[in-house]
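Just so you know, all these numbers are worked out from the coordinates, no wet-lab data involved. Remember, it's a predicted structure, so these values are computed and weren't measured experimentally. Methodologically, a virtual Cβ is constructed for each residue, glycine included, from the backbone with ideal geometry; neighbour enumeration extends over all protein chains shown.
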Amino acid sequence: MATVELRFSALPGHVRTARLVAAAVARRVGVDESVLDEVRLAVGEACSRAVGLHQRSGVEGTIRVALTDLEKRFLIEVEDEAGPILTAERDAGAEPEAGEDDLGLAVITGLVEDVEVDNGAEGGLVKMSWPIANVPVEA
Amino acid sequence: MDLSLSTRTVGDRTVVEVGGEIDVYTAPKLREQLVELVNDGSYHLVVDMEGVDFLDSTGLGVLVGGLKRVRAHEGSLRLVCNQERILKIFRITGLTKVFPIHTSVEEAVSATD
């Protein structure tokens, strides 16, 4: 079970909330301070991409962000409900300005060593993880 | 934090000072501003990003879009940025080769190719 799970309707205004929550949980479980910016950015990219997929497919739905403390790794899963990724269709259709989707993936793969882009139950699923550097100090 | 935008003219350059967070929610506002400037005939833009706290690929896409627009009028789009965490995003996407990035507004407004 995820340590913290967040679900939000696929709207751009909620992406910031997901970033803030992910960074707060990452800090709480002991992810090194120096990579919190990367966590924040990568989660934002994955959520922005999910929102974009929903907007382009015209499918309303929910984006799920699961934040899981695996003791030695901190796992983040971002899952959308925008349907399967249809590469051929996407290539034929109207691209967003300057290929924002591709830029988003470039940022994620450039930032995160352990990243996997896959199909989830009802859409895409991005899995990313970071090492947990130290045991958090209990308040 | 929301996005703040202000523009001023320095010689033949238009400086767009951006503050706050540029993400999927706020980037359309920046896109509108750049489109409006180009439509009004400002083809030499300097985007000052020193006040930017967060930038994602949506923001990068808007800047690339702005660059394409000014280039269509033989213009230029220069960036001012000293923040490592923002510069890193330009580096990993290869966009440091696309945008001239300066350390100060003064340097950017006086730069010529």
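Data table
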item	result
Gaussian network model of chain B, springs between alpha carbon atoms under 10 Å - residue of B:64, B:80, B:16 with greatest fluctuation	B:64
Sequence-distant residues sharing a close amide H with residue B:3 (under 5 Å, placed H)	B:21
Fluctuation leader among B:89, B:101, B:22 - chain B, Gaussian network, Cα springs under 10 angstrom	B:89
Max mean-square fluctuation residue, GNM over chain B, Cα-Cα springs under 10 Å, options B:69, B:13, B:85	B:85
Calculated FRET efficiency for the pair residue B:96/residue A:24, C-beta based, R₀ 30 Å, to 0.05	0.45
Residue-averaged beta-carbon neighbours from other chains (10 angstrom radius) around B:15-24	3
Of all DSSP beta bridges in the protein assembly as shown, antiparallel share, percent nearest 5	70
Over the range A:2-131: Kirkwood hydrodynamic radius from C-alpha pairwise inverse distances, Å	14.7
Size of charge dipole - the range A:2-131 - debye, nearest 20, with Cβ of Lys, Arg +1 and Asp, Glu -1, no other charges	500
Under 5 Å, built H, 5+ apart or other chain: amide partners of residue B:25	none
Long-range HN-HN contacts of residue B:76 with modeled amide H, under 5 Å	B:44, B:45
19 Å cut-off, amide nitrogen to a point 7 angstrom out along residue A:117 Cα→Cβ, residues in the range B:76-110	B:89-95
Cβ-defined net charge surrounding residue B:80, 12 Å radius [Lys, Arg +1; Asp, Glu -1]	-3
Cα gyration tensor, chain B - rounded (a/c under 1.5), prolate or oblate	rounded
